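Asker: Sharing a structure with you now.
The values are calculated or read from the model by the stated rules, or taken from the named source; none is laboratory data. Quick caveat, the model's predicted, so the values are computed rather than measured. Backbone-built Cβ (ideal geometry, glycine too); neighbour counts: all protein chains shown. Remember, those area values only see protein heavy atoms, side chains included, never the ligands or the DNA or RNA. Shrake-Rupley method; radii C 1.70, N 1.55, O 1.52, S 1.80 Å.
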Amino acid sequence: MATILYVDDEPAIGLILEDTLERAGHATVGAHSVPEALQALAKGNVDLIISDYRMPGLTGLEFLELLQQEGYDVPLIMLTGYATIEHAVAAIKAGAVDYITKPVRPEQLELSVAQALEVVRLRRENDALRREVMELRSERTIVGESLQIRRLLQTVTTAAPTRATVLLEGESGTGKELFARAIHDASDRRDRPFIKLNCAALPEGLVESALFGHEKGAFTGAIRRVQGAFERAHQGTLLLDEISEMRLDLQAKLLRVLQEQEFERVGGSSPIKVDVRIIATTNRNLAAWAEQGHFRQDLFFRLSVIPISLPPLRERPGDIPLLATRFANRIAQEMGKEIRGLAPETVEMLQRYDWPGNVRELQHAVERAVILSPDAILQPGAFDGQRFGLSPRGTGPTPARSAPAVAANGSGSAAPAPPGSVVLTSLDVANAESRLIERALQVSGGNRTRAAELLGISVRTLRNKLNGPSRSSAVS
C-alpha cells in the first residue's frame, strides 16, 4: 500500500480518484490547490502525487517545478482534460512519470499508478545500493599519513588512468589488494568488473581453467562451458594475486595473453579478444625470484611496467594509531558497542610491536580487543599480553620482542624466553622450521592461510612443507 496525494480543484474528479485508489489498496490524501498540497507534503510519507494540469494559481507544470526546487523527490503523474501532444511532451520533459487524460478510466489510472510506484521502488533500491557502494569504497580507503603512504598514493594517482600493468610487491598483510582496488576505483574502469584470482590458492590442475575458462568436455567433469577470469574481467581489471606461485608453463600462456590480448579456452580453438588491465601481487622479490629461474624474466618485465613496493607496518609506526582507531570504530559500529578510542599507553604498546602480519594482524588484534574490552577506551589489557610482551598479569607493557626467542646449545645462552615464545634447543634447521610452523598453526587456530601469512610464505609452500616427508612426524 502506498500513500498517494491527489491535487485537483474539481471535487467530482477528486472523488473518482479517491475511490479508484482506495479500492486498489492505497491510502489517499486530497488537496484542491498547490498550497494545500505543499502542506500535505510537509507532513511527509507521500509516495506518489497525481496533479491536475490546469488549476487556479499555479499550473501542474509550475507545481512540478516548485517540487524540484524545494527538494521533494516524489514522482508525479500529470492529469488533464486538455489532451495534446505538446502538453504531454512538456509534462514528461518537466519530470512527470506519466500523463493521463480526463475522463479518468479506473483501469488506466491503476496501471499508471502501479508503474509509477515501481519507479519509486527502483529509485529507493538504487539509492540503497549507491549507499552500500559508497560504504564499501569508504572501507577500502587507504589510511595513513606517513611519507611512504603519501608517495604510494601519488603513484596510484599517476598509474590509475593508464592501461599499464602494475606489480605490487610487499609482505603478506601490507594491503596489496587494497592498493589494487584503489587503482581500479581511480581508473576509467571503475564501473567495470574487478576480478581477483589467487594463483596460490587454486589446485595446480585448475589454474589454467580459472584463467582462461574451458569448453564443455575439455576434461573429466567439464559438463558445460565456463568463462575464465579474463573473460569475466573484460573491460575491467584482473588482479592476479601471488603471481610468483604460477607454474612456468602457464606463465608462457599468460605472457601471450598480455601481449596479444587474446586467448583460447581450455579445449577450445577459437581466439577470444579481451580488453583487461592486469595488476599482479607477490610477497616475494620477483626480480630475484626470476633470476633464480623460478619465474620467467620476460613475464616479470611485462608485469612490472609500474612496480610498487609496499612498506611493512613496522616501517611506518606513525600510521598505527590511525589504522587502529579506524578498525576499532568500524568493528564497534558493527557490534553496536561503544568504543571512544585507545588509551595512550595502548598506542605506545602497539607502536613498539613489530607486526610480522602487518596491517591484517593489526586489524585482527584490534577486533579481538574490541570484543573483549569492558571499557569504552581500549586499554593494553584488552590485547593479547603474550603477543605484545605484557607481563602475565597485564600490568603494563614491556619491550616487545621482534622475533621468537632462541636458546642455542654451545657457547653462551640466551635470556629466558617470554611465555608463548618458540624456544629452539638446537641449530637443526629442519627442526627449527617444524617448531615455527607448529607455533604459527597454534596461533592461527589451525588456519593454514593465516599461518602462512604469519610465516611470510605462500599457502602452497606451507602445504608442501606440511605434506613433505620431513614433516610427517613433526606436524600432525
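Asker: What pairs in Lys216/Lys253; Lys253/Lys273; Lys176/Lys216; Lys196/Lys273; Lys216/Lys273 have C-alpha atoms more than 24 Å from each other? Please report the intermediate quantities before stating the final value.
Answerer: Details: Lys216/Lys253 21 Å; Lys253/Lys273 14 Å; Lys176/Lys216 35 Å; Lys196/Lys273 19 Å; Lys216/Lys273 20 Å.
In this structure, Lys176/Lys216 lie more than 24 Å apart at Cα.
Asker: Then there's this: Order the following by accessible area, largest value first: Thr461, Thr20, Thr449, Thr220. Probe radius 1.4 Å; ligands, DNA and RNA are ignored. Please report the intermediate quantities before stating the final value.
Answerer: On the way: Thr461 35, Thr20 5, Thr449 70, Thr220 140 Å².
Ranked from most to least accessible, the order is Thr220, Thr449, Thr461, Thr20.
Asker: If you don't mind, another one. What percent of all Cα-Cα pairs in the range 287-359 falls in each 10 Å bin, counting up from 0?
Answerer: Each 10 Å bin holds this share of Cα pairs: 16, 30, 23, 17, 14, 1.
Asker: Taking the alpha-carbon distance from Lys102 and a cut-off under 25 Å, which lysines remain once sequence neighbours fewer than 8 residues away in the same chain are dropped?
Answerer: Of all the lysines, those that pass the test against Lys102 - Cα under 25 Å, at least 8 places apart if same chain - are Lys93.
Asker: Roughly speaking, to the nearest percent, how much of the range 52-108's 1.4 Å accessible area is carbon and sulfur?
Answerer: So the carbon and sulfur contribution to the accessible surface is 54 percent.
Asker: With every protein chain kept in the model, how would you rank His214, His234 by accessible area, 1.4 Å probe, largest at the top? Walk me through the intermediate numbers first.
Answerer: On the way: His214 20, His234 75 Å².
If we order His214, His234 from most to least accessible, we get His234, His214.
Asker: What is the extension gain from Asn329 to Leu38, computed as 0.36 nm multiplied by their sequence separation minus the C-alpha to C-alpha distance, in nm to one decimal?
Answerer: Details: separation 291, 0.36 × 291 = 104.76 nm, distance 4.11 nm.
Result for the pair: 100.7 nm of gain on full extension.
Asker: Using 7 Å Cα-to-Cβ label points, what is the Gln442/Asp191 separation (nm, one decimal)?
Answerer: For Gln442 paired with Asp191, the spin-label model returns 5.5 nm.
Asker: Can you work out ³J(HN,Hα) from phi for every residue in the range 248-262, in order, using Karplus 6.51 cos²θ - 1.76 cosθ + 1.60 and θ = phi - 60°, giving whole Hz and x for Gly and Pro?
Answerer: These are the phi-based 3J(HN,Hα) values: 4, 5, 6, 4, 5, 5, 5, 4, 5, 5, 5, 7, 9, 6, 8 Hz.
Asker: So for Lys253, Lys176, Lys43, what's the accessible-area order with a 1.4 Å probe, most first?
Answerer: Lys43, Lys253, Lys176
Asker: For Thr3 and Glu65, what is the calculated FRET efficiency with R₀ set at 25 Å and r taken between the beta-carbons, to the nearest 0.05?
Answerer: Numbers: r = 23 Å, r/R0 = 0.91.
The pair Thr3/Glu65 has a calculated efficiency of 0.65.
Asker: Using θ = phi - 60° and the Karplus curve 6.51 cos²θ - 1.76 cosθ + 1.60, what whole-Hz ³J(HN,Hα) does each residue of the range 60-76 get, with Gly and Pro shown as x?
Answerer: Per residue, the Karplus-derived 3J(HN,Hα) values read x, 5, 5, 5, 5, 5, 5, 4, 5, 5, 7, x, 7, 9, 10, x, 10 Hz.
Asker: Glu125 to Asp19: FRET efficiency via 1/(1 + (r/R0)^6), r the Cβ-Cβ distance, R0 41 Å, to the nearest 0.05? Provide the component values of the computation, followed by the final result.
Answerer: Details: r = 31 Å, r/R0 = 0.75.
That gives a FRET efficiency of 0.85.
Asker: Can you tell me the length gained on complete extension of the stretch Asp384 to His364, counting 0.36 nm per residue apart and subtracting the Cα distance?
Answerer: Values: separation 20, 0.36 × 20 = 7.20 nm, distance 1.09 nm.
Using 0.36 nm per residue and subtracting the Cα-Cα distance, I get 6.1 nm.
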